[in-house]
Amino acid sequence: MIRLSMETDRDIRILNLTDPQLTAGEWEKGNRTGDAFRYTVGTLIERVRPDLITVSGDLSYAGDYVSYRNYADYFDDLGIPWTCCFGNHDNQGGDEPVRRVLDEFMKRKTFVFEKCDPALGNSNFVILIEKNGKAAEGIILMDTHDRIPYKADMCGKNEAWAGLTPEQLAWYRDRIAELKEAGCRDSTLIIHTPIYAYIEAAGAAFVNPVPEKGEPDYGFAGWNPGYEDSFGFYHEIISAYPEDEGAFELIHRLGSTGNVISGHDHMNNWAVRYRGVRLIFGTKTGIGSYGESAINGGTVLTVDENGVKDVRHEYVDLDGLR
């Protein structure tokens with residue numbers, strides 16, 4: 001467990017970025033995709049003044065070492081502590097490229113990370129945020145891997161998005177126990193691919209959820225009763241592992257994690273409090289790969305001495321990019 005101590009008389013602010021997906025060429029000055037990322041992050045930092053930056057995966061693509069090195073340079077120059085978990089595109093080349101990236105990242109003074117059991121993946125660790133000497137919030141980052149073999153779907157594909165394994169869920173249980181022993185009663189889980197419960201939460205909360213198959217419905221008729229405190233867009237079919245992996249039941253039973261943040265679906269950024277746990281799609285950062293201009297920015301967690309007190313999306317209009 002990493003202890004990140006902050007002495008401050010104000011609330012702590014965590015800025016989550018997700019799915020920037022820049023290639024080496026897109027980092028070049030004058031490339032609109034790279035410029036959009038820098039403009040978005042710069043604007044967010046100016047507005048939010050974060051104490052910690054988290055990235056919920058898909059920074060680039062496995063093997064694009066120049067791009068990852070550019071991330072390391074960029075974040076290091078910001079002078080703000082930052083960390084990440086890895087997404088399916090980061091992991092798509094297997095373990096060795098990710099570990100090479102980690103070797104580069106861990107040379108940087110602002111990168112916050114702890115290597116884990118390689119059998120569990122490449123990014124499973126905990127940051128305990130202490131506010132004025134008191135345990136305030138546990139940030140748990142976990143690796144959701146790439147794809148795994150699965151029964152054939154309607155298109156004949158014999159694979160599915162991977163998720164959290166039973167061994168990782170046992171690891172999560174033990175980390176929650178450690179956080180409680182340290183006096184931390186609230187935690188946030190940051191992953192890349194959403195857990196299965198996101199599908200259940202969307203079905204419960206939205207009056208007109210996106211169908212399981214077919215094109216997304218861009219209309220919105222509101223929230224079902226009991227879910228009026230939900231917010232965000234639902235413009236893409238949820239890309240989760242297609243069966244219940246048991247993650248949510250464990251999260252719910254242990255009663256520590258109040259917020260789960262995922263990435264992966266670039267056109268979703270809804271946040272729904274489902275059975276007492278807020279399930280959140282982070283707002284996509286920049287225009288790498290695909291997305292929507294209306295959904296660009298980051299997600300902000302405000303933390304006091306008792307844990308997360310507020311979650312919101314902060315949008316950046318790219319019309320200001322010249």
Residue 72: over 20 Å from residue 287 (Cβ atoms), at pLDDT 95 or above, part of a loop (DSSP other than H, G, I, E, B) and aliphatic (A, V, I, L, M), yes or no?
no
State whether the residues of the stretch 234-255 include one that is under 18 Å from residue 56 (Cα atoms), modelled with pLDDT of 95 or more, out of contact with any helix residue (DSSP H, G or I) (no Cβ under 6 Å at 6 or more places or on another chain) and among the basic types (Lys, Arg).
no
Small (Gly, Ala, Ser), in a loop (DSSP other than H, G, I, E, B) and touching a residue at least 12 places away in the same chain (Cβ under 8 Å) - does that describe any residue in the stretch 27-34?
no
Considering residues that are buried (at least 20 other Cβ atoms within 10 Å of the Cβ) and either more than 17 Å from residue 204 (Cβ to Cβ) or free of Cβ contacts under 8 Å to residues at least 60 places away in the same chain (or both), the number found within the stretch 227-244 is 5
How many residues are without any contact (Cβ under 8 Å) to a residue 40 or more places away in the chain and within 14 Å of residue 112 (Cβ to Cβ) if we restrict to the stretch 66-85?
7
Screening 64, 35, 9 for residues that are more than 23 Å from residue 268 (Cβ to Cβ), over 20 Å from the mean Cα position of the chain (by Cα) and loosely packed, with under 15 Cβ neighbours inside 10 Å leaves only 9
Considering only the stretch 133-195, give the strands (runs of 3 or more DSSP E) lying wholly within it that have at least 2 residues that are surrounded by 13 or more Cβ atoms within 10 Å (Cβ to Cβ) and within 19 Å of the chain's Cα centre (by Cα).
134-141, 187-190
Find the residue count for the stretch 14-32, including only residues that are buried (at least 17 other Cβ atoms within 10 Å of the Cβ) and on the phi < 0 side of the Ramachandran plot.
10
Among the residues in the stretch 5-14, are any more than 30 Å from residue 132 (Cβ to Cβ) and touching a residue at least 40 places away in the same chain (Cβ under 8 Å)?
no
Considering residues that are crowded, with 23+ Cβ neighbours inside 10 Å and either more than 14 Å from the chain's Cα centre (by Cα) or among the basic types (Lys, Arg) (or both), the number found within the stretch 76-95 is 1
Looking only at the stretch 96-132, count every residue that is part of a helix (DSSP H, G or I) and more than 20 Å from the chain's Cα centre (by Cα) and tell me the total.
7
When the residues of the stretch 46-61 are filtered to those that are among the polar types (S, T, N, Q) and in contact (Cβ under 8 Å) with a residue 60 or more places away in the chain, which remaining residue is surrounded by the fewest Cβ atoms within 10 Å (Cβ to Cβ)?
54
The stretch 266-302, subset of a type in the set (Phe, Trp, Tyr) and more than 15 Å from the chain's Cα centre (by Cα), residue surrounded by the most Cβ atoms within 10 Å (Cβ to Cβ)
274
Subset of the stretch 97-132, residues among the basic types (Lys, Arg) and at pLDDT below 95, comes to 115
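So which of 90, 58 ends up being modelled with pLDDT of 95 or more, in a helix (DSSP H, G or I) and of a type outside the set (Val, Ile, Thr)?
Details: 58 fails: in a helix (DSSP H, G or I).
Residue meeting the stated conditions: 90.
The values are calculated or read from the model by the stated rules, or taken from the named source; none is laboratory data. The shown structure was predicted, so the numbers you read here are calculated from the model rather than taken from an experiment. As a convention, Cβ positions derive from the backbone with ideal geometry for all residues, glycine included, and neighbour counts pool all protein chains shown.
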